[in-house]
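Here's the structure we're looking at; comments come further down.
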Amino acid sequence: MESDLSTTFTGVRFRNPFLLSSAPPTESESNILRAFEGGWGGVVTKTIGLHPVVNVLGPKTKFLRADADSARLSMKKRPAAALHSSWNWELISDKTLDWWVPRLGRIKKAFPDHALVASIMAGSGNDTELRHWQELATACQDQGCDALELNLSCPHMDRPDMGSNVGKDKELVSIVTKVVKEVSKIPVWAKLTPSTTDIVVEARGAFLGGADAISSSNTFTSLPLIDPETLEFEINVDGLVSTGGLGGPAILPLSLAKMSQLTQAFPDKSFSGIGGISTFEHALNYFMLGCGTVQVCTAAMLDHAIGPHVIRELNAGLTRFLDQHADRGWRRVDDLVGLRRNSVVAQSKIRRPTEKDYHGGFDAEGYAAAEEKV
Ligand SMILES: Cc1cc2nc3c(=O)[nH]c(=O)nc-3n(C[C@H](O)[C@H](O)[C@H](O)COP(=O)(O)O)c2cc1C
């Protein structure tokens, strides 16, 4: 029997479980069309809002790289350095809802069998702002979007009633989700911020509001590094910087820890995993912890803006993996979802050495061995 890459997630059929996340790869009609042609199972649009957006002067994203033969970390371009992370302080889409509406309709018409998820964001300080969420939701679903993703997680919003400031408040998360659910006929995913003490608390708020799934993670709050020569931040405007978001390889293990908390707390709910994915082996972690789909940003940005090679490798990797494990009866990604969910336990549940093998903690483990004398 042939392996099947398709999956149904929150009632929406995906040709494969790999999506471009809400970010520059999905900021325009042409990018999204190219993404579908390239093989992505779905895309989440760059976040659409109603408030005016003006980005900072100069670069909005840079990439931090690590040298192989030294401990140097820098955004400076140089040969033989490996990607450590992306850092960005880009706001949501600077295009208006009116700009997006006809484009969403055209994209859906051109690719009716590909999943188009609209990411939306508004304020949450008063009833007018909450109605903005409904206006955005209705406009996008009227164009045929398959699902909505609520941006409750942008880490660089000054407004206390927007982005990750909403995502840090379980009541606001619940209210916003409920308000959107009141008008939506399509599934609603809540994209939560990882910058909280216990993400399960905010996830519970989202599910109480009626969320059909949680997406996690958005980028992690962070600063760029100071250049030791110029003594300026490696990304700055007039010498000034604000906190921004870290994505890419550095956040894969961090985001997995958040996802593990979520999938354990809500084993019967749906999750879309994001953070640090560029290969199938990375995505596999999220599937095994309990995610039904995964999303990619940084790796796609660095691969012709929409990740044609990344998606080819993700699809090939899943096909290879299913073929390799056909004897276990695994035919589709759903067969892997959650297989390692319960392998993450409290530290005290991890087996200890027997008394005989335990040397009072004086083994060398965890410490560098004493330097050999020549
Ligand atoms: C430049 C940039 C812009 C982003 N814009 C948005 C956005 O508008 N809405 C959103 O929900 N997430 C946004 N994100 C977050 C990504 O969708 C994703 O959650 C994050 O980058 C982690 O995935 P990665 O490790 O694959 O990059 C942005 C990320 C970057 C790097």
(message) Looking only at the range 109-131, filter to residues that are charged (D, E, K, R) and surrounded by fewer than 17 Cβ atoms within 10 Å (Cβ to Cβ); which one of those is farthest from the chain's Cα centre (by Cα)?
(response) ASP127
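Any idea which residue in the range 273-289 is surrounded by the fewest Cβ atoms within 10 Å (Cβ to Cβ), counting only those that are more than 10 Å from the ligand (Cβ to nearest atom) and among the polar types (S, T, N, Q)? Before you say what the answer is, go through the steps one by one.
Here is the first cut: in the range 273-289, the residues more than 10 Å from the ligand (Cβ to nearest atom) are 279-281, 283-289.
Remaining after also requiring among the polar types (S, T, N, Q): 279, 285.
Values: THR279: 12, ASN285: 21.
Out of the qualifying residues, it is THR279.
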(request) Could you please find all residues in the range 208-226 being of a type outside the set (Val, Ile, Thr), open to solvent by 10 Å² or more (accessible area, probe 1.4 Å) and in a strand (DSSP E or B)? (result) PHE220, SER222
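How about the range 290-301: which of its residues are open to solvent by 10 Å² or more (accessible area, probe 1.4 Å) and either under 10 Å from PRO25 (Cβ atoms) or of a type in the set (D, E, K, R) (or both)? Reasoning before the result, please.
The first filter runs over the range 290-301 and keeps only residues open to solvent by 10 Å² or more (accessible area, probe 1.4 Å), leaving 292, 297-299, 301.
CYS297, THR298, ALA299, MET301, listed by residue number.
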(request) Give, as residue ranges, the strands (runs of 3 or more DSSP E) completely inside the range 16-86 that count at least 3 residues that are buried (at least 24 other Cβ atoms within 10 Å of the Cβ) and out of contact with any Cys (no Cβ under 8 Å at 6 or more places or on another chain). (result) 42-44
(request) Could you please find all residues in the range 105-131 being in contact with a Leu (Cβ under 7 Å, 6 or more places away or on another chain) and more than 27 Å from THR61 (Cβ to Cβ)? (result) LYS108, ALA110
(request) Please note which helices (runs of 4 or more DSSP H) are completely contained in the range 104-192 and include at least 1 residues that are free of Cβ contacts under 8 Å to residues at least 60 places away in the same chain, aliphatic (A, V, I, L, M) and closer than 18 Å to ASN218 by Cα. (result) 164-167, 170-183
(message) Against the conditions (1) closer than 23 Å to LEU252 by Cα; (2) in contact (Cβ under 8 Å) with a residue 24 or more places away in the chain, where does ALA68 fall short? Just the number, please.
(response) (2)
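The values are calculated or read from the model by the stated rules, or taken from the named source; none is laboratory data. In this text, all values refer to a predicted model and were calculated from it rather than measured experimentally. We place every Cβ from the backbone using ideal geometry, glycine too, and count neighbours over all the protein chains shown. Ligands, DNA and RNA are excluded from the accessible area calculation, which covers all protein heavy atoms including side chains. Shrake-Rupley method; radii C 1.70, N 1.55, O 1.52, S 1.80 Å.
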